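Structure first, then comments.
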Amino acid sequence: MPRKTIANFELEYLQIMDETGSVDQELMPKIEKERLKELYKTMLLARTFDTKLLALQRQGRIGTFPQATGQEAAAIGPAACLEKDDWYIPSYREFAGLFLRKMPLSNVILSFSGDERGNKNNSEYKNYPLTFPIGSQLPQATGIAMGMQLEKKKNVVVVYCGDGATSEGDFHESLNFASVTKAPIIFIVQNNQYAISTPIKLQTSSQTFAQKGIAYDIPSIKVDGNDTLAMFAATQEAIQRAKLHQGPTLIEAFTYRICDHTSADDAKRYRSEEELESWKKKDPLTRLKIYLEKENIWTDKDEQQTEKENEETIAKAIEEADALPAVTPEDMFQYMYEDMPDNLKEQLEDCKKFKKNE
Amino acid sequence: MAQAITQALEAEMQADEKVLVLGEDVGLNGGVFRATDGLQKTFGEQRVIDTPLAESGIIGTSVGLSIYGFKPVAEIQFSGFMYPGFNQLVTAAARLRNRTRGEFTIPLVVRMPYGGGIRALEHHSESMEALYAHIPGLKVVIPSSPKEAYGLLRAAIQDPDPVVFMEPKRIYRAIKEEVKEDQEPIPLGKAKITKEGDECTVIAYGAMHWVAQKAIAQLGYKYHIELIDLRTISPLDTETIIKSVKKTGRCVITHEAPRSYGVAAEIIAQINEKALYELQAPVERVTGYDTIMPYYQNETNYIPDEEKIVAAIERVMKE
């Protein structure tokens with residue numbers, strides 16, 4: 001009875017467009033030129049939005065804000081593969097994907113200025129609000145996908161988490177449920193290499209995050225998360241499988257946040273300047289821009305025009321958010337239950353009596 | 001106060017090599033509120049441990065380390081993120097002494113910032129101390145100032161049983177006080193009368209003790225108010241409370257946490273059992289509401305302030 005190998009595993013890494021904007025034509029997914037331009041424009045919008053919101057935070061006009069600079073490709077590539085009735089479930093750095101799926105910018109501004117009204121989807125797309133308890137959206141997303149499976153719908157769920165979330169039980173339970181039920185879900189681990197200050201070497205001893213899917217018999221792949229085309233292609237493949245009832249996929253998007261964890265963080269405490277600079281050279285926007293220019297579908301003039309439009313869009317969104325009447329005590333009470341219980345009615349009266357803000 | 005916490009951790013780590021600090025971002029980064037700043041430099045990566053991002057793992061391994069003879073001080077980054085670890089706290093930490101008939105003891109401290117008032121994100125502002133106080137086998141401690149934090153945390157670390165140490169983040173930097181290194185630990189389970197009086201007892205803890213002080217200051221010399229800082233939520237110092245209420249005959253209790261099934265409700269039950277006939281007026285509570293802690297724009301409508309406390313004192317004084 002000799003020992004014998006009973007299983008072997010392999011893991012692929014996918015990059016289609018490198019840092020210089022050169023593309024491997026054999027791997028190039030089918031995507032309209034106009035659509036690619038739209039993705040790039042939305043990424044630019046998310047990038048500018050990031051800068052503007054940080055400025056608003058510094059002025060005290062909004063609260064703590066998690067920036068997403070550097071992670072736009074991982075957010076938008078998968079979003080670009082989805083239909084309206086597919087679900088897009090972000091962690092909290094997927095603004096580019098949410099904007100592509102028509103989430104109003106004013107929603108994000110409201111949420112981060114301490115106003116729950118920003119959490120309402122306000123879009124015909126199935127978008128889920130941001131989730132802050134790390135990884136807790138994963139089983140919820142799996143449940144939605146299980147529902148699609150039960151109702152034999154041709155839809156899929158894309159759900160995000162970070163590298164840190166892979167240490168939570170919720171991550172493993174979700175992968176297991178999804179695999180066992182063959183739920184149509186695509187898990188995207190945005191591996192930006194730090195959970196606040198904690199580097200991946202303290203988070204896991206695994207060589208990759210993608211390989212964690214293999215343990216659950218989930219097709220898994222590591223992708224250049226700064227490569228919009230690779231993120232798009234990997235997600236498309238995963239969606240095809242899901243629609244054939246072949247179950248979930250795990251995509252590790254290898255990326256980097258070219259910003260602090262949030263406006264309350266100082267990444268200089270735990271990351272070197274050299275490391276940051278080396279990742280700025282791999283910027284997901286820069287390479288897509290170079291590619292579009294090479295294809296003769298993008299010029300500096302387009303860039304300037306888009307920047308101008310984006311500035312206007314953001315200014316308008318800020319105005320919209322500002323124009324809403326201030327929150328009231330009722331906002332706190334009215335969504336607690338379908339019917340307000342008597343104790344809450346009594347407490348609401350007390351709250352109104354002592355109302356502070358105007 | 002964040003600095004006082006670092007000082008207390010340092011003092012206990014110096015005094016006892018079995019004391020460990022572990023949690024997310026507590027090492028190199030010194031904690032998101034810098035409460036463990038510099039400790040890894042002093043005591044090394046073996047004693048100040050940056051853990052993977054997993055609250056169940058943090059609490060569960062702390063239970064194991066405790067069983068093996070260490071004294072872990074686990075940091076949960078925000079109390080709103082505690083819940084994956086709640087299982088380990090309730091099903092193991094709180095029970096093991098009892099279920100092993102005293103063989104396994106869990107000298108664990110779980111530190112976590114809690115409460116509102118700093119315009120934080122969702123899940124970063126709740127006051128859920130009643131959940132922990134309701135669990136038999138846990139102690140729950142909440143300091144009201146830097147000196148209190150220093151003395152109470154040292155006592156919590158020395159305590160042989162699991163202590164949930166909740167830090168009101170609103171006063172991490174709002175209250176400044178010099179903490180001397182030779183300050184003694186403050187015994188757990190003992191409340192402190194921070195102002196003596198004989199007409200009305202006001203009971204508070206954490207950041208609300210500070211708010212209650214301001215409310216009492218607003219009233220000036222109008223009434224002789226006695227103020228009690230609970231310090232330990234569980235076990236409750238019923239003796240100090242009852243003695244005071246018997247003297248004053250009136251009582252107002254305040255906390256930031258939701259109103260129903262809260263700490264104030266338990267204190268009122270104790271007063272009912274032990275001092276009902278000495279009361280001159282129904283006991284009042286000034287609390288948060290039974291709603292989800294709102295995002296920060298509504299925070300000032302949620303968190304009780306001086307005005308509400310003064311109004312409650314006026315109501316009980318009318319009787």
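The values are calculated or read from the model by the stated rules, or taken from the named source; none is laboratory data. Please read these numbers as outputs of a predicted model, since none were measured by experiment. No Cβ is skipped: glycine too gets one built from the backbone with ideal geometry, and neighbour counts run over all protein chains shown.
Brief remarks on what is shown
- Candidates A:Lys182, A:Lys152 - the one that is modelled with pLDDT of 95 or more and among the basic types (Lys, Arg): A:Lys182
- Of the helices (runs of 4 or more DSSP H) lying entirely inside region A:273-358, the ones with 1 or more residues being among the acidic types (Asp, Glu) and more than 25 Å from A:Val23 (Cα to Cα) are found at A:273-280, A:300-323, A:329-333, A:342-353.
- Out of B:Pro52, B:Pro84, sole residue that is over 18 Å from the mean Cα position of the chain (by Cα), crowded, with 22+ Cβ neighbours inside 10 Å and within 12 Å of another protein chain (Cβ to nearest Cβ): B:Pro84
- Taking the criterion of being part of a loop (DSSP other than H, G, I, E, B), hydrophobic (A, V, I, L, M, F, W, C) and buried (at least 19 other Cβ atoms within 10 Å of the Cβ), the residues of region B:3-41 that qualify are B:Val26, B:Val32, B:Phe33, B:Ala35.
- Helices (runs of 4 or more DSSP H) wholly inside region A:13-127 that include at least 3 residues being of a type in the set (Gly, Ala, Ser) and either surrounded by 18 or more Cβ atoms within 10 Å (Cβ to Cβ) or modelled with pLDDT under 95 (or both): A:72-79
- Count of region B:237-254 residues, restricted to those that are in a loop (DSSP other than H, G, I, E, B) and out of contact with any helix residue (DSSP H, G or I) (no Cβ under 9 Å at 6 or more places or on another chain), is 1.
- Residue within region B:62-80 that is part of a helix (DSSP H, G or I) and within 14 Å of another protein chain (Cβ to nearest Cβ) present: yes
- Failed condition for A:Leu250, given (1) within 10 Å of chain B (Cβ to nearest Cβ); (2) of a type outside the set (Lys, Arg); (3) closer than 23 Å to A:Asp224 by Cα; (4) in contact with a Leu (Cβ under 9 Å, 6 or more places away or on another chain): (1)
- Residue selected from region A:317-358 under the condition in contact with a helix residue (DSSP H, G or I) (Cβ under 8 Å, 6 or more places away or on another chain) and closer than 24 Å to A:Phe99 by Cα, by the criterion surrounded by the most Cβ atoms within 10 Å (Cβ to Cβ): A:Ala321
- Number of positions in region A:314-347 that are more than 8 Å from chain B (Cβ to nearest Cβ) and not hydroxyl-bearing (Ser, Thr, Tyr): 21
- Top-ranked residue of region B:58-71 - restricted to ones that are of a type outside the set (A, V, I, L, M), under 17 Å from B:Val90 (Cα atoms) and touching a residue at least 12 places away in the same chain (Cβ under 8 Å), ranked as surrounded by the most Cβ atoms within 10 Å (Cβ to Cβ): B:Ser62
- All positions within region B:87-133 that are surrounded by fewer than 22 Cβ atoms within 10 Å (Cβ to Cβ), in contact (Cβ under 8 Å) with a residue 24 or more places away in the chain, among the polar types (S, T, N, Q) and in a loop (DSSP other than H, G, I, E, B): B:Thr105
- Residue match in region B:287-296 (condition: within 14 Å of chain A (Cβ to nearest Cβ), at negative phi and in a helix (DSSP H, G or I)): yes
- Of all residues in region A:216-227 being assigned to a loop (DSSP other than H, G, I, E, B) and within 17 Å of the chain's Cα centre (by Cα), the one that is farthest from the other protein chains (Cβ to nearest Cβ): A:Asp227
- Scanning region A:275-312 for residues that are more than 26 Å from A:Ala230 (Cα to Cα) and either surrounded by 15 or more Cβ atoms within 10 Å (Cβ to Cβ) or charged (D, E, K, R) (or both) turns up A:Lys301, A:Lys308, A:Glu309, A:Glu311, A:Glu312.
- Residue that is surrounded by the most Cβ atoms within 10 Å (Cβ to Cβ), among those in region A:156-202 that are within 14 Å of chain B (Cβ to nearest Cβ) and of a type in the set (D, E, K, R): A:Asp163
- Just one of the listed residues (A:Met17, A:Met28, A:Met103) is closer than 28 Å to A:Lys153 by Cα and aliphatic (A, V, I, L, M), namely A:Met103.
- B:Ala257 meets the stated requirement of being closer than 22 Å to B:Arg119 by Cβ, part of a loop (DSSP other than H, G, I, E, B) and either of a type outside the set (Val, Ile, Thr) or within 11 Å of chain A (Cβ to nearest Cβ) (or both).
- Considering (1) in a helix (DSSP H, G or I); (2) touching a residue at least 40 places away in the same chain (Cβ under 8 Å); (3) away from every other protein chain (no Cβ under 14 Å), the lone condition that A:Gly213 does not fulfil carries the number (2).
- Flag if A:Glu319 is without any contact (Cβ under 8 Å) to a residue 24 or more places away in the chain and within 23 Å of A:Gly225 (Cβ to Cβ): no
- Checking each residue of region B:3-16 against the condition of being under 29 Å from B:Arg99 (Cα atoms) and at pLDDT 95 or above gives at least one match.
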